[in-house]
1. Quick check on my filter: what residues within segment 40-54 are more than 17 Å from Lys259 (Cα to Cα) and in contact with a strand residue (DSSP E or B) (Cβ under 7 Å, 6 or more places away or on another chain)?
2. Please tell me if Leu79 is crowded, with 23+ Cβ neighbours inside 10 Å, in contact with a Ser or Thr (Cβ under 9 Å, 6 or more places away or on another chain) and not in a strand (DSSP E or B).
3. Spot the failing condition for Gly87; the list is (1) surrounded by 15 or more Cβ atoms within 10 Å (Cβ to Cβ); (2) over 28 Å from Ser224 (Cβ atoms), and only one is missed.
4. Which of the residues belonging to segment 166-175 are within 15 Å of the ligand (Cβ to nearest atom) and touching a residue at least 12 places away in the same chain (Cβ under 8 Å)?
5. For segment 119-139, which residues satisfy the criterion of being over 14 Å from the mean Cα position of the chain (by Cα) and within 10 Å of the ligand (Cβ to nearest atom)?
6. So which of Asp171, Asp181 is more than 23 Å from Leu62 (Cβ to Cβ) and in a strand (DSSP E or B)?
7. Residue by residue through segment 87-124, note down the ones that are among the β-branched types (Val, Ile, Thr) and touching a helix residue (DSSP H, G or I) at 6+ places or on another chain (Cβ under 8 Å).
8. Can you tell which of Ile232, Ile207, Ile214 is away from the ligand (no atom under 11 Å from the Cβ) and assigned to a strand (DSSP E or B)?
Amino acid sequence: MPFLKMLDQNNQSSFVEEFDRDGVSFPMDLLTPEEVEYYRNSFLEQEALLGDRVTYSSFAMLHHFFPWAHKLVMHPKILAPIKAILGPNVLVHGSTLFHKHPNDQKFVSWHQDSYNMKLNTYEYVSAWVALADSTIENGCLRVIPGTHKNLYEHYLDPTENNLLKRGTTVDVSSMEDKILDVELKAGQMSLHHVNTIHGSNANVSGIRRMGFAIRYIADTVSQSSHHHPLLIASGTDNYGHYDIQHTIPEGTLSECIEKQRIAHKAYVDALEKSRRNGK
Ligand SMILES: O=C(O)CCC(=O)C(=O)O
């Protein structure tokens, strides 16, 4: 199974070649300063209303529950490069906001997103949208180019500050010279392949880091592990591998927060049950 759809001659562009070769492409200019302000303020407002109920889970599956997040995953300037890589039929597999407070010890261990997803094919790309400058000091995304061509062994090392709850980790000690820091200005984005090894360090600066990660797949992709319903971002779903959610999020912010909390808990419970059953 090819890692990426072969591109027709007319559709070739330098970023697609770069993505095919390295499994990562950045920086891409995406949002205007006004858009950055709108999306960042939407996130901050949501976080403020959550108050001390806030957890990392509060920012999962955002596009299904919050109008601002739905708008962002459907942004034409994100979908254009995604379609150039995946083809015309694109579904949103997930979205989440990775944020680190100033001087926050939180980090993300080195991993491949595909680990444990049990995908049939790897036509799966993440867009990481910077809602604030993302720098080496505040713990930007880091990748190891070229690693998308292989699957690597992972071990589980859950620790308090790892944003990956199960501490899914690849030993990258033999690849350290290849590590690339994905520094972005607010409003820029990067794309990474589902098999590209990536992670991030703690925030050792006084500046907050905020990245909205959106997972896109081609309609050909299926997985044997449990997953929540998907949103069609472009074209049609010709395969029906997933349930599709057609509703557009609406309601007051408090209502959206409550719907997200209930749906995310149900999803995590079902996922854990399917894992216990070996799926
Ligand atoms: O933002 C981070 O630090 C990690 C992001 C990540 O793991 C992902 O987008 O898949």
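The values are calculated or read from the model by the stated rules, or taken from the named source; none is laboratory data. Remember, it's a predicted structure, so these values are computed and weren't measured experimentally. When we count neighbours, we look across all protein chains shown, and the Cβ atoms used for this are built from the backbone with ideal geometry, even at glycine.
1. Scanning segment 40-54 gives a single hit, Arg40.
2. no
3. The number of the failed condition is (2).
4. Gly167, Thr168, Thr169, Val170, Val172
5. Ser134, Gly139
6. Being more than 23 Å from Leu62 (Cβ to Cβ) and in a strand (DSSP E or B) holds for just one of Asp171, Asp181, which is Asp181.
7. Narrowing segment 87-124 to residues among the β-branched types (Val, Ile, Thr): 90, 92, 96, 108, 121.
Within segment 87-124, Val90, Val92, Thr96 meet the criteria.
8. From the options Ile232, Ile207, Ile214, the qualifying one is Ile232.
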